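Structure record follows, encoded as structure tokens.
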Amino acid sequence: MKMIQVVLLLFFILTVLFPNCASSRKPSDLTIEQLQAAPDTVDIAGQKMVLQTYLWRDFMPNSPPDGKPLKASVFILPADGSAIRTNFDANKIWVIFRQQVWSADLQGVGNNLPAAGLGRLEKTADGGPKWQPGSRVTVVVRLVKKDGKTVLLKAGNQMIKRTD
């Protein structure tokens, strides 16, 4: 019995008094100001890329009464509508609402591997906060170029939609 009490006490100390020690999740190393300063167009191998988004919360009948958490689909595409001419990836998203930031790793959609010749790169993230539909947010993604260098790309004034 004493061993259980000691374990529970240690768990309490680690999770309540020292939450950063008990969690392997690191806070973002980017500030809101750095994220907001990201450009809305980036050059990748001589091609201008832009970011489009679709953000939503699900309120369908099988959802909880207060809806499901925020989901995001991001689309990185050439500004001129042409096909992508080089390989790159997108691996991280930040969504900024007022002074709050949600960040997540981006996941691929189906077999949509980053490759030249596609019209766009599509990625998703889920498990976000329950910000109200109709809220306006800024979305920033981190792109990884073929040479391993990263750049940020931003889409401002994006609306969180509601699905019923």
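The values are calculated or read from the model by the stated rules, or taken from the named source; none is laboratory data. As the structure is a computational prediction, the values presented were derived from the model and not from experiment. So basically every Cβ, Gly included, is an ideal-geometry build from the backbone, and we count neighbours across all protein chains shown.
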Q132 is checked against (1) at pLDDT 95 or above; (2) surrounded by 13 or more Cβ atoms within 10 Å (Cβ to Cβ); (3) not basic (K, R) and fails just one. What number does that condition carry?
(2)
Residues of region 57-103 being farther than 18 Å from I32 by Cβ, buried (at least 19 other Cβ atoms within 10 Å of the Cβ) and either without any contact (Cβ under 8 Å) to a residue 12 or more places away in the chain or in contact with a Ser or Thr (Cβ under 6 Å, 6 or more places away or on another chain) (or both), which ones?
V74
Within region 47-73, the residues that are part of a loop (DSSP other than H, G, I, E, B) and among the hydroxyl-bearing types (S, T, Y) are S63
Within region 58-65, can one find any residue that is more than 18 Å from the chain's Cα centre (by Cα) and of a type in the set (G, A, S)?
yes
Does D80 satisfy the condition of being out of contact with any Phe, Trp or Tyr (no Cβ under 7 Å at 6 or more places or on another chain), among the acidic types (D, E) and closer than 15 Å to K48 by Cα?
yes
Could you give me the residue pairs with C-beta distances under 7 Å whose first residue belongs to region 142-164 and is without any contact (Cβ under 8 Å) to a residue 60 or more places away in the chain and of a type in the set (D, E, K, R), whose second residue is crowded, with 16+ Cβ neighbours inside 10 Å and assigned to a strand (DSSP E or B) wherever it lies, and which are 6+ apart or on separate chains?
R142/A90; R142/K92; R142/L152
Is it the case that some residue within region 3-12 is at pLDDT 90 or above and hydrophobic (A, V, I, L, M, F, W, C)?
no
Would it be correct to say that I76 is modelled with pLDDT under 95, within 20 Å of K154 (Cα to Cα) and either part of a strand (DSSP E or B) or β-branched (V, I, T) (or both)?
no
Residue hits (region 37-63; farther than 24 Å from E122 by Cβ and modelled with pLDDT of 95 or more) are A37
